Amino acid sequence: MALVNFSLLLGGLLLAIPILLHLVMRQQPKQLIFPALRFVKQRQDANRRQLQLRHWALLLLRCLAIALLAAALARPSVPSPALGDWILTGLAGAALFLVGLLGVLALLQRRGPWAIGGLGLAACILAVVLAVMLNRTLARDASKSIGNEQAPVAAVLAFDTSPRMQYVWQNQTRLDKAREIAQWLIRQLPPDSEVAVLDSRPGGAAFAVDLAAAQRSVERLEATGVPLPLADVADQAVKLTQASQKTRKEVYLFSDLSRAGWTGQPPERLQQRLGELPDVLLYVIDVGADQPQNTMLDVPRLAGDVLAASDDLALQTAVRCLGPGGTHTVELYLEEPERELPVIRDGRTVLPTARLRAQEIVDVPENGSQTVRFRVSGLGTGTQQGTVRVVGQDALAWDNTRYFAIEVQEATPILVLAPPGVIASFFVEAVAPDEFRRTGRARFECRVEEQARGPNLPLDDYAVVCLLDPLPLAPSAWESLAQYVRRGGGLALFLGHNADLASFDNPTARRLTGGKLDRQWRSPGDVFLTLRDLSHPLLAPFRDVATSVPWDRFPVYRHWGLEDVVPPARIVATYSNRQPAIVETSWGRGRVLTMTTPVSDPARARGRQTWNELPTGDDAWPYVVLVHEMVRYLAGAGGTKLNYLAGETAALPNVRDKHPERYQLFTPLDQPQDVTADEGQLVVSFTELPGAYRLKGFLQQPMVRGFAVNLPDSASQLARLDPAALDDLLGAGRYQYARNQDDIVLGVGEARLGREFYPFLLPLLALILGLEHLLANRFYRRRE
């Protein structure tokens, strides 16, 4: 408990006045002569006892009145959480006083022993209860931080700087509103206070040199694309207060209270820290809109980041509405690639021209969504940046535009190695059909060579190397393939007649295949491929038709067994006998797919052994799709991912003699900076801002590459956190909630001064004065 005006407690010395008056003005009994002395003596004793009781009662009331007046003027206060404990303690004290008073009266009036004993026992029990309650209340009281409103404080201003804070309401973004309140708050802090400014960016913070420096830090606040969860920000802010020596510590958390801002790690750590530091006062400043409304686009989804020149661009997104729906126009723009752009001219960055390539009109229901699909053909080769936009503006502008990047290439080169006698045409026709090759629509350009020529060929010129039923390989050949994979190449192994256990027992071979080659398995024709887990990307085309693929019409008569398949290897598909059929393993930046039965055997004939009928069965479309997707999956193994979320590290393959080693990076802020490729990879780690990232290098002629960054869909979720959920996160009664400056003044004043007893003491004083006046008039009224 603290006292605002401690010196006024000296007014309690005035208690001596009614006591002195009581002693000085005691009435002396008058001596009267009356014949019946016995009756007079009895009457005199009775009057004396009544007069003593009246005087003691009046004296008590007057002393209480003076004591209450002195206490009220001293303005005692306690922390808000302790108010209930103090009230209960006061009620217990009042009950003890009342029972004690009744016990004294019973003793003076010589009541029976049962009444006196019962009241005495009740007084003893109440005294014990009061002592226990008072001890608990004092133990939990944190009064050392209250009582002086102008005492210096250590204040940490923590800001939600997520993209949602760019929402405009009442002509202000929510971040601008937070800045405005924070600047006002800093001006209200007591002199000699310390202030630290903390935002949602990862990293530390410290107390500013002075209040002016803190104000400048507030002015420089900007939204970040990779914000920390608010529970972590609040935890950092509470922890930071311990770096100050000030007794009073306060944390102000500015947020729009969007539910998405509190997702992430469970808040147990914050709750534990708040429990460990009860002296730290937490204020939640709500700057959010009461009923936010927004139209937003989801992050675009592409069929692939790398396309063949003959492919169409297939893109899908969704328009979502928070609040009223309506009809919206969605447009897709693509930039026209130019070797010389981007470039800085007259201090400004000149970018390629973006052309409208597609447009869709959709009706979105209230608080609903509508999928939008685009298909664009006639793409030029090279890296192209694009945007998807919702026509019009709303309160949150950034999520009306989404970004994407694609790389359009000529047909991807594939090297197919096969020993003499192995038929490669089944495989080539599945990967690049003859009709597509003749019309220029083939996605892959296959070069078929004998296996013996493999060591003399430049493997890095090919995106994928496929070995069809290979002969035993020398250790040097296995090592050459391993180096190719580690540099980002894709390798496909189709094992058949020519494989032997000795060759595949090589450690490098086992690392590439993902396991140890076992014996050959044979069946009369009741074994076939089964795709039980369709989560792997190369099996995506089978997901919608999983139950209708007739794998049992393409029996597998023989296949190799593969044992000890452990991570990083993964079984992609099995046979019906549960033996591995396709195994994937990764090594470095590349991937390997191993199929334990060949895809090059001719149709089964009399006297000829064949391992399976996958490529030769009637209507063998499952084989065509499977092999095509295997090669397509491996062709993307070189790290050709061009679309990222904010905060992810962008990594692009950078093949020597094909790509420059040094680039000039143009970020969405148009601030070019130099980046250098290392070990065949170009890495960009600063992807906080959404937009197009352009890489310009020079290798005999200018070369432009790039990638795109988007904020996640959750960054535009504006649904607000309800009070009950906020209580669950921070603890009911552990924080002060405010919407504006007036709420802050009220909450801060209450927290710094505590909850005063003044409003409770004045009515009690009035009651005591009223009782004193009533009793005085009754005891001393004149008798007619």
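Considering only residues in segment 559-598 that are farther than 24 Å from Val416 by Cβ and outside any loop (DSSP other than H, G, I, E, B), the one that is most open to solvent (accessible area, probe 1.4 Å) turns out to be Arg570.
Taking the listed residues Leu98, Leu130, Leu88, Leu134, the one that is assigned to a helix (DSSP H, G or I) and either modelled with pLDDT under 65 or over 50 Å from the mean Cα position of the chain (by Cα) (or both) is Leu98, with no other qualifying. With respect to (1) open to solvent by 50 Å² or more (accessible area, probe 1.4 Å); (2) modelled with pLDDT under 85, the lone exception for Gly636 is condition (1).
Scanning segment 504-546 for residues that are touching a residue at least 40 places away in the same chain (Cβ under 8 Å) and assigned to a strand (DSSP E or B) yields a total of 8.
Matching residues to (1) in a helix (DSSP H, G or I); (2) open to solvent by less than 10 Å² (accessible area, probe 1.4 Å); (3) at pLDDT 95 or above:
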{"site": "Val226", "(1), (2), (3)": "no, no, no"}
{"site": "Val233", "(1), (2), (3)": "yes, yes, no"}
{"site": "Arg269", "(1), (2), (3)": "yes, no, no"}
{"site": "Gln272", "(1), (2), (3)": "yes, no, no"}
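In the set (1) open to solvent by 30 Å² or more (accessible area, probe 1.4 Å); (2) closer than 22 Å to Leu718 by Cβ; (3) without any contact (Cβ under 8 Å) to a residue 60 or more places away in the chain, the condition left unmet by Ala212 is number (2).
Here Gly386 passes the criteria (1) open to solvent by less than 50 Å² (accessible area, probe 1.4 Å); (2) more than 30 Å from Pro702 (Cβ to Cβ); (3) touching a residue at least 40 places away in the same chain (Cβ under 8 Å) except the one numbered (2).
Please verify whether Asp601 is farther than 23 Å from Arg543 by Cβ, open to solvent by 40 Å² or more (accessible area, probe 1.4 Å) and assigned to a loop (DSSP other than H, G, I, E, B), treating the condition exactly as stated.
no
Residues of segment 451-491 that are open to solvent by 70 Å² or more (accessible area, probe 1.4 Å) and hydroxyl-bearing (Ser, Thr, Tyr): Ser476 alone.
Checking Glu219, Glu276 one by one, the residue that is open to solvent by 60 Å² or more (accessible area, probe 1.4 Å) and at pLDDT below 90 is Glu276 and no other.
Cβ separations smaller than 8 Å between residues 6+ apart or across chains give the following pairs from segment 725-737 residues that are under 13 Å from Trp262 (Cβ atoms) to residues that are surrounded by fewer than 19 Cβ atoms within 10 Å (Cβ to Cβ) and not aromatic (Phe, Trp, Tyr): Ala725/Arg259; Leu729/Gln271; Leu730/Gln271. Considering segment 334-362, and only residues there that are of a type in the set (Asp, Glu) and modelled with pLDDT under 95, the residue that is most open to solvent (accessible area, probe 1.4 Å) turns out to be Asp346. Just wondering, is there one or more residues in segment 643-655 that are among the hydroxyl-bearing types (Ser, Thr, Tyr) and not in a loop (DSSP other than H, G, I, E, B)? The answer is yes; a qualifying residue exists.
A residue that is surrounded by fewer than 19 Cβ atoms within 10 Å (Cβ to Cβ), touching a residue at least 24 places away in the same chain (Cβ under 8 Å) and closer than 25 Å to Leu501 by Cβ occurs somewhere in segment 427-450.
Looking only at residues in segment 549-558 that are in contact (Cβ under 8 Å) with a residue 40 or more places away in the chain and of a type in the set (D, E, K, R), the one that is surrounded by the most Cβ atoms within 10 Å (Cβ to Cβ) is Arg558.
Report yes if some residue within segment 493-503 is out of contact with any His (no Cβ under 9 Å at 6 or more places or on another chain), free of Cβ contacts under 8 Å to residues at least 60 places away in the same chain and in a loop (DSSP other than H, G, I, E, B); otherwise report no. Yes, because at least one residue in segment 493-503 is out of contact with any His (no Cβ under 9 Å at 6 or more places or on another chain), free of Cβ contacts under 8 Å to residues at least 60 places away in the same chain and in a loop (DSSP other than H, G, I, E, B). The residues of segment 685-713 that are open to solvent by 50 Å² or more (accessible area, probe 1.4 Å) and farther than 30 Å from Val655 by Cα amount to a single one, Asp713. Here Ile414 clears all of (1) within 42 Å of the chain's Cα centre (by Cα); (2) under 25 Å from Asn643 (Cβ atoms); (3) open to solvent by less than 30 Å² (accessible area, probe 1.4 Å) except the condition numbered (1).
Working only within segment 347-366, note down all residues that are over 18 Å from Lys696 (Cβ atoms) and assigned to a loop (DSSP other than H, G, I, E, B). Spell out how you get there, then give the answer.
Restricting attention to segment 347-366, the residues satisfying the condition of being over 18 Å from Lys696 (Cβ atoms) are 355-366.
Residues satisfying the conditions are Pro365, Glu366.
Scanning segment 235-267 for residues that are open to solvent by 30 Å² or more (accessible area, probe 1.4 Å), more than 18 Å from Pro712 (Cα to Cα) and part of a helix (DSSP H, G or I) gives Gln236, Lys239, Gln242, Ala243. Taken over segment 299-332, residues that are open to solvent by 40 Å² or more (accessible area, probe 1.4 Å), in contact with a strand residue (DSSP E or B) (Cβ under 8 Å, 6 or more places away or on another chain), in a loop (DSSP other than H, G, I, E, B) and free of Cβ contacts under 8 Å to residues at least 60 places away in the same chain amount to 1.
Criterion applied to Asn400, Asn367 was being closer than 20 Å to Ala646 by Cβ and polar (S, T, N, Q), and the one residue passing it is Asn400. Just one of the numbered conditions (1) on the phi < 0 side of the Ramachandran plot; (2) open to solvent by 10 Å² or more (accessible area, probe 1.4 Å); (3) not in a strand (DSSP E or B) is not true of Asp619: (1).
The values are calculated or read from the model by the stated rules, or taken from the named source; none is laboratory data. Owing to the predicted nature of the structure, the values given are computational and were not obtained by experimental measurement. So basically every Cβ, Gly included, is an ideal-geometry build from the backbone, and we count neighbours across all protein chains shown. Remember, those area values only see protein heavy atoms, side chains included, never the ligands or the DNA or RNA. Shrake-Rupley method; radii C 1.70, N 1.55, O 1.52, S 1.80 Å.
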